[in-house]
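The values are calculated or read from the model by the stated rules, or taken from the named source; none is laboratory data. Note that the structure is predicted; figures quoted are calculated from it, not measured. As a convention, Cβ positions derive from the backbone with ideal geometry for all residues, glycine included, and neighbour counts pool all protein chains shown. The accessibility values were calculated without ligands, DNA or RNA, using every heavy atom of the protein model including side chains. Shrake-Rupley method; radii C 1.70, N 1.55, O 1.52, S 1.80 Å.
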Amino acid sequence: MFRNLIFTLAIVYTVLGDDSPVPSYSTDCIMLNGTISLSVNYTGSDDKSRTDTRKISDNAKVSGTCGDKLSTLVLTDDDQDQTLTFTFSANKDKSNKLNNIDPVHWGVTSIKFQYDINEASAKHQGERVATAVGSYFVTPLNMSYSCSKDMVVLVNVTDDGVNSTTTYPGEQVVFEETGLTITNGVNVSGTLKDDVTYHYCKADQKIKDVVPIAVGAALAALVVIVLVAYLIGRRRTVTAGGYERV
């Protein structure tokens, strides 16, 4: 029987500088708010795929760096030796891509999850590092990201070896988000800026496009129904002799 690894972040994680007791304001800092789940898949001793269940503790440490073009958000769970790291890149160039990010956009270029496989049923136990490199949650500069549901598969799974690295092609980690908002730039108090404008993910954009079309179609159908009812009623009136011809 498979089990799902799910940990939930129902907190607002904010990066406003490196361990600053009174963080200074930075327009390139990141605020992440939403629900995140991770499903870890590994190979059992019987060579069958298995899924383990864990939860990152609520007191996970939040840290990161703020930069003009590169920022990071790190969630460290010392209780279970798990770390989730996001790398954000901002491309201010008006014509060329930078780190897989379109011109005049920002986004996540790397998601890394460090964890342990200690289950007795595992074929290979030990530390793991799962990574996805690409362009995720891409958003125009001066806008924030919003998505009701999305996922990223971290398929590059290796051990955390120092002298050598072992790759586990049969393992992966599925990163899923629900109701995620990522704000590029926050107030010094750690709250959302007043003038936040959201860029919605493709799935949400399709929904927003469908709604006005559906409303328009419903109104058109209503007009047709009313017109048909009027014509039928008028014809019945004429047939019954309700009108006199001159």
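Selection over the stretch 102-137 of residues that are farther than 10 Å from Asp159 by Cα, modelled with pLDDT of 90 or more and charged (D, E, K, R) gives a count of 3.
Yes/no per residue for (1) polar (S, T, N, Q); (2) open to solvent by 10 Å² or more (accessible area, probe 1.4 Å); (3) not in a strand (DSSP E or B):
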| residue | (1), (2), (3) |
| --- | --- |
| Leu38 | no, no, no |
| Arg54 | no, yes, yes |
| Thr83 | yes, yes, no |
| Gly107 | no, no, no |
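Hey, does the stretch 121-142 have a residue that's open to solvent by 20 Å² or more (accessible area, probe 1.4 Å), closer than 19 Å to Arg54 by Cβ, charged (D, E, K, R) and assigned to a strand (DSSP E or B)? Yes, the stretch 121-142 contains at least one residue that is open to solvent by 20 Å² or more (accessible area, probe 1.4 Å), closer than 19 Å to Arg54 by Cβ, charged (D, E, K, R) and assigned to a strand (DSSP E or B).
Taking residues in the stretch 188-207 that are among the charged types (D, E, K, R), and partners anywhere that are at pLDDT below 50, the pairs with Cβ atoms closer than 8 Å and at least 6 places apart or on different chains are Lys193/Asn187. Residues in the stretch 63-74: is at least one open to solvent by 50 Å² or more (accessible area, probe 1.4 Å), on the phi < 0 side of the Ramachandran plot and assigned to a strand (DSSP E or B)? For the stretch 63-74, residues open to solvent by 50 Å² or more (accessible area, probe 1.4 Å), on the phi < 0 side of the Ramachandran plot and assigned to a strand (DSSP E or B): present. The single residue among Tyr200, Tyr145 that is closer than 13 Å to Asn33 by Cα, surrounded by 15 or more Cβ atoms within 10 Å (Cβ to Cβ) and at pLDDT 90 or above turns out to be Tyr145.
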